[in-house]
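**Student:** One structure coming up, written as C-alpha cells, with questions to follow.
Laboratory data are not the source of any read-out in this text; all were calculated from the coordinates shown. Since the model is a prediction, treat every value here as computed from it, not as a measurement. Ideal geometry is used to build each Cβ from the backbone, glycine not excepted, and the neighbour counts take in all protein chains shown.
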Ligand SMILES: Cc1cc2nc3c(=O)[nH]c(=O)nc-3n(C[C@H](O)[C@H](O)[C@H](O)COP(=O)(O)OP(=O)(O)OC[C@H]3O[C@@H](n4cnc5c(N)ncnc54)[C@H](O)[C@@H]3O)c2cc1C
C-alpha cells in the first residue's frame, strides 16, 4: 500500500530548471535513533528540522519522494501577510487575545520568510513590489478600502489605489481599484523548501529521501519507533509534516482535511518588449474572486498563473481555456497565448479553513490544514512545532494545540461537498464579475 496520495504530476519544470542544486540523499537502510523524526520535507518539515537542529537536537528527516515533492514544490509562490479567513473570523474563532496574536504572527509571516532567506542565503525570492490585490467587482471596492484602513491603522505598508493608479502599477485597466501590500513576497516555493532542507542538513539533520514512513508505534520503553521499507528510527518525538500528502501512517490523520487539487500554468517566454508593460513593477496579482486569480512574472520571462481545474480527483488537467481568457481580460494586448506547462498538487482544506497543530499522542505531533495559504503558515508552524516535545508544548504558541483530530464530517463523501462548494464559489465569482 502506498503511503502517499496519488500524484500524477511532477514538480513543475519552471521551478526545477531554475534550481539545479544537487540535494542527493540516501535511502534509510539501517536501524538508527534520534531525538526527533520529522516526516516530510516540505516547508513545514524543513523549517522544523532547521529549528530543531539549531537547538541542538538530533534529527532524522524522512521524505517519501524528494524535497519539495508536495505542495511546497508546486505552489503559486505568493507569500501573503494574512489568512484565508478574515481578521474578524480569526478573532471570533480564537478569541481576542490569541486571535490578535495570530493576526500579528500572520502579518509578520512574509518578514519571517525573508529573514530565513537572508540568514541562510537562500536564493528563492523574486524581485518585486509586493501584492496587487484587485477588486474584481463593485461590492469589493469598499471592502478593500476598509482593509487598507485596517492595516494602515496597524502601521502596515498597505494602500488602496483607485483605478488609474492601480492600472499603472499592474499595467492593466481591468480593475477599478485595488490594494497594494508591500509586505508580501513572491518566491519560488521549491527553492525555498530546498534551501531550508539544505541548511537543516548543514546544521546536522540526517536526511533520507525515497524513504516513506510506513508505521509509527510506541516501544516498550515509551519512546517511538518509525518504520520505513528498509530501516527504522527510534526516537522521543515524531512530527508529521505531511499536510495534504498525508496517507495511512497515523490512524485518521488524513480525515482532518479534504484533499483538493490546485493547478498552476506557465506561458512560454513572452516577448520582452510586451513583458515590460505587464506587471511593470513586478507585483503579483490576485483578486477578490473566491477561486484562482493569480498572475505573476517569473525571472525566465514567462507568466505564471494560478488556474482552476477538476478539484476533487487526481485525474484531469488545468483549465487553460479559462486561464487564457483571464489573461486576455487583464492583458488584452497579449494576443494568442502559448502555454509552457501546467501542473497541479494537493491542498489540505479544513472544514473551518483554519490550520491545526495536533498532539496525536505524547511525543507525536502534526501540523496541517493550510487551505492553500501555506507558505508563510508552514514556516510559522514549522517553528511552532519545534517548541513541542513529549507531553507538552511551549505556552503561548500561535495556535492552540489540539488533542484530537477534528475529523471532517462524513469524510468519505467530503469530495462531493467540496465540489458543490467550489461550484457555488464559481457561480458567485461569475455573478460578481457582472457587477463592474
Ligand atoms: C497548486 C498550489 C498552489 C498553491 N499556492 C500557494 C500560494 O501561492 N501561497 C501559499 O501560501 N500557499 C500556496 N499553496 C499551499 C502551500 O503550497 C502548502 O500549504 C505548503 O507548501 C505546505 O507545506 P508542507 O511542508 O506542510 O507540506 P508539503 O509541501 O505538501 O510537504 C509534505 C511532504 O511530506 C511527504 N510525505 C508524505 N507522506 C510521507 C511519509 N509517509 N513519509 C515520508 N514523507 C512523506 C511528501 O512527499 C511531501 O514532500 C499552494 C498549493 C498548491 C498545491
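**Student:** Under 10 Å, Cα contacts only: if you run a Gaussian network model on the chain, which one of 348, 153, 89 comes out with the highest mean-square fluctuation?
**Tutor:** 153
**Student:** Can I ask one more? Could you work out the relative contact order of segment 187-231? I mean the mean sequence separation of Cα pairs under 8 Å and 6+ apart, divided by the number of residues, in percent.
**Tutor:** Computed value for segment 187-231: 26 percent relative contact order.
**Student:** Label points 7 Å out from Cα along the Cβ direction at residue 97 and residue 126: separation in nm?
**Tutor:** Using points 7 Å along Cα→Cβ, the separation is 4.2 nm.
**Student:** Please work out the C-alpha center-to-center distance from segment 38-63 to segment 3-35 and express it in whole Å.
**Tutor:** So the two Cα centres are separated by 14 Å.
**Student:** May I pose another question? May I ask you to sort 7, 149 by Cβ crowding, counting other Cβ atoms within 10 Å and putting the fewest first?
**Tutor:** Starting with the residue having the fewest Cβ neighbours, the order is 149, 7.
**Student:** Springs between alpha-carbon pairs under 10 angstrom, Gaussian network model over the chain: which of 374, 56, 345 fluctuates most?
**Tutor:** 56
**Student:** Working out 0.36 nm times the residue gap between residue 89 and residue 202, then minus their Cα-Cα distance, what length gain in nm do you get to one decimal?
**Tutor:** Using 0.36 nm per residue and subtracting the Cα-Cα distance, I get 36.6 nm.
**Student:** Provide the gained length on full extension for the span residue 403 to residue 352, in nm with one decimal, where the gain is 0.36 nm per separating residue minus the Cα-Cα distance.
**Tutor:** Taking residue 403 through residue 352 to full extension adds about 16.6 nm, to one decimal.
**Student:** Another question about this same structure. For the chain, find the longest principal axis of its Cα atoms and tell me its angle to the long axis of helix 43-54, 0 to 90°, nearest 10.
**Tutor:** 50
**Student:** Next up: For the chain, with a Gaussian network of springs between Cα atoms less than 10 Å apart, report the residue from 38, 330, 79 with the top mean-square fluctuation.
**Tutor:** It is 330.
**Student:** Using 1/(1 + (r/R0)^6) with R0 = 41 angstrom and r between the beta carbons of residue 394 and residue 428, what's the FRET efficiency to the nearest 0.05?
**Tutor:** 0.50
**Student:** OK, next. Percent relative contact order of the chain, based on C-alpha pairs within less than 8 angstrom and at least six residues apart?
**Tutor:** So the answer I get is 23 percent.
**Student:** If each DSSP helix of 4+ residues adds -39,500 (n - 2.57) and the sum is divided by the residues in the chain, what number results at 222 nm, nearest 500 deg cm²/dmol?
**Tutor:** Result for the chain, helices only: -9500 deg cm²/dmol.
**Student:** Using a basic spin-label model with each label point 7 Å from the Cα along Cα→Cβ, how many nm lie between residue 154 and residue 336?
**Tutor:** 4.8
**Student:** Here's another thing I want to ask about it. Want the number for residue 218 to residue 325: 0.36 nm per residue separation, take away the alpha-carbon distance, what's left?
**Tutor:** 33.1 nm
**Student:** Sticking with this one: From Cα pairs below 8 angstrom and at least 6 apart in sequence, can you work out the relative contact order of segment 16-99, rounded to a whole percent?
**Tutor:** 24
**Student:** A further question follows. Which of the peptides 299-305, 331-337, 249-255 is most tightly packed, and how do the rest follow, going by the mean number of other Cβ atoms within 10 Å of each residue?
**Tutor:** Top of the packing list down: 299-305, 249-255, 331-337.
**Student:** For helix 139-153, report the angle its Cα long axis makes with the longest principal axis of the Cα atoms of the chain; keep it between 0 and 90° and round to the nearest 10°.
**Tutor:** Tilt of helix 139-153: around 60 degrees.
**Student:** At a 10 angstrom cut-off on C-beta neighbours, averaged per residue, how do the peptides 180-188, 414-422, 391-399, 9-17 rank from highest to lowest?
**Tutor:** 180-188, 9-17, 414-422, 391-399
**Student:** For the chain, take the longest principal axis of its alpha carbons; what is the angle in degrees between that and the long axis of helix 96-107, to the nearest 10 within 0 to 90?
**Tutor:** Result, in degrees: 70.
**Student:** Tell me the label-point distance for the pair residue 230, residue 269, using the 7 Å Cα-to-Cβ offset, in nm and rounded to one decimal.
**Tutor:** 4.0
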